[in-house]
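Written out below as structure tokens is the structure these notes cover.
Read the figures in this text as sums done on the coordinates, not as results from a lab. These numbers were taken from a predicted model, which means no experiment stands behind them. Methodologically, a virtual Cβ is constructed for each residue, glycine included, from the backbone with ideal geometry; neighbour enumeration extends over all protein chains shown.
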Amino acid sequence: MIDPRFELVEAQAHSSFRCVHNRCDTFAGEHPLHIHPAFELTWILRSSGTRYVGDSVERYEADDLVLSGPNLPHCWRDDPDPSGANAPEWIIVQFEPTCLGPGFLDLPEAHAVRDLLDQAHGGLAFDTACVADLEPLLRRLVSLQGLPRLAGLIDILDRLTRHRRTPLSMAGYDHARPVSRVMVERLEQVQRYIIDNLAEDISQSEVATQLGMSPATFSKFFRAATGRTFTGLVKLLRINEACRLLASTETRITAIALECGYRHTSHFDRHFLELKGMSPREYRRRLPGLATLPPRASGSAEIAC
């Protein structure tokens, strides 16, 4: 069994959840078996191959639609396609129930959604009738903003409850999954520490000490578990917070850089360009159209699958 990597679900700056339309040449290599603490709805528009969700290994084709629960290992592996005619194209929605508001799932009207999410902990597959029903909603959700975007997510979840779904993992898988909860808890602790200290000098040694590890052991653990360096994650979280501030405030860019832990704006500008493909000033200027920008090239900070 290959140990799944932990992936950070980077909430979009103008939204409480993530919805992206992606394309790539192949899933191989760049999209390993992975876990994350969010629910994920994955719709494969184009591609065919083998799907891995929990202990389920099945063939998939275009219009594959799967809802997977938090910390459930999953990935898609496309068939070799030298022509590129069947290169993967997909839409994913990654969310945590808290984005729907405190107590939302306890409402009588949300009973069916709560049951759906409970069943999704082992993965659920939906048929083509469900895909036909959700296709216009999923395509529209990518470009929606504000309250219509949140309402769109609720509408999609509601429609999922009305369609037949097939459990993917075996009934006992949740209790025997080959994923270390200690590993997940440690990685989430690291993420919380960084977020709580974005404006400060963040020390890898301090984080390692909090986890009871030596700096060298922590570095190896973190790289093996996430495929990232610790400094890479710090950079990602700082730029993500900068995007949130650029989108939701009129704070000067130099002040935002300082609030996100950058003492020199030149470093901030370079990191922002590296992860977002544009300057902070251009990002703010283009905010009304950000949801419809084309997918970033491979190697960017976009979360896949």
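Quick notes
- For the range 228-233, putting each phi into the Karplus relation 6.51 cos²θ - 1.76 cosθ + 1.60 with θ = phi - 60° gives couplings of 10, 8, 4, 5, x, 5 Hz, in residue order, rounded to whole numbers and with x for Gly and Pro.
- Per-residue HN-Hα couplings for the range 85-90 [Karplus 6.51, -1.76, 1.60; θ = phi - 60°; Hz; x = Gly/Pro]: 5, 10, 4, x, 9, 7
- Relative contact order, whole percent, for the chain stands at 20, derived from Cα pairs under 8 Å and 6 or more residues apart.
- Summing Lys and Arg as +1 and Asp and Glu as -1 over all other residues whose Cβ lies under 12 Å from the Cβ of Phe218 gives a net charge of +2.
- The order of the peptides 49-61, 242-254 by mean Cβ neighbours within 10 Å, most packed first, is 49-61, 242-254.
- Beta bridges by DSSP in the chain, antiparallel share as percent, to the nearest 5: 95
- Look at where the Cα atoms of the range 181-205 and of the range 1-66 average out, and the two centres are 24 Å apart.
- Our helix-only sum for the chain, with -39,500 (n - 2.57) per DSSP H run of n ≥ 4 divided by its residues, gives a mean residue ellipticity at 222 nm of -12000 deg cm²/dmol.
- Once the Cβ-Cβ distance of Ala129 and Arg252 is raised to the sixth power relative to R0 = 45 Å, the FRET efficiency obtained is 0.30.
- Proximal charge balance of Asp196 [Cβ under 13 Å; K/R count +1, D/E count -1]: -2
- The phi-based Karplus calculation (6.51 cos²θ - 1.76 cosθ + 1.60; θ = phi - 60°) puts the 3J(HN,Hα) values of the range 49-59 at x, 10, 10, 10, 9, x, 9, 8, 10, 9, 6 Hz, whole numbers, x for Gly and Pro.
- Ordering of 128-140, 96-108 by packing [mean C-beta count within 10 Å, highest first]: 128-140, 96-108
- Across the range 5-175, counting alpha-carbon atoms alone, Rg and Dmax equal 15.5, 51 Å.
- Taking 0.36 nm per residue of sequence separation and removing the Cα-Cα distance, the Glu206/Glu188 pair yields an extension gain of 4.9 nm.
- Charge tally in the Cβ shell below 13 Å around Asp78, where Lys, Arg are +1 and Asp, Glu are -1, Asp78 excluded: -2
- Database remark: amide H of Phe6 closer than 5 angstrom to the amide H of Ile35, Thr226 (H placed geometrically; neighbours at sequence offset of 5 or more, or on other chains; Pro and chain starts carry no H).
- Once backbone amide H atoms are built at 1.01 Å from N, Ala38 has Asn71 as its partners under 5 Å, excluding neighbours fewer than 5 places away on the same chain.
- Each of Glu96 and Thr161 was given a label point 7 Å from its Cα along the Cα-to-Cβ line. The distance between the two points is 2.3 nm.
- Using C-alpha pairs under 8 Å with a sequence gap of at least 6, the mean separation divided by the residue count of the range 31-112 gives a relative contact order of 37 percent.
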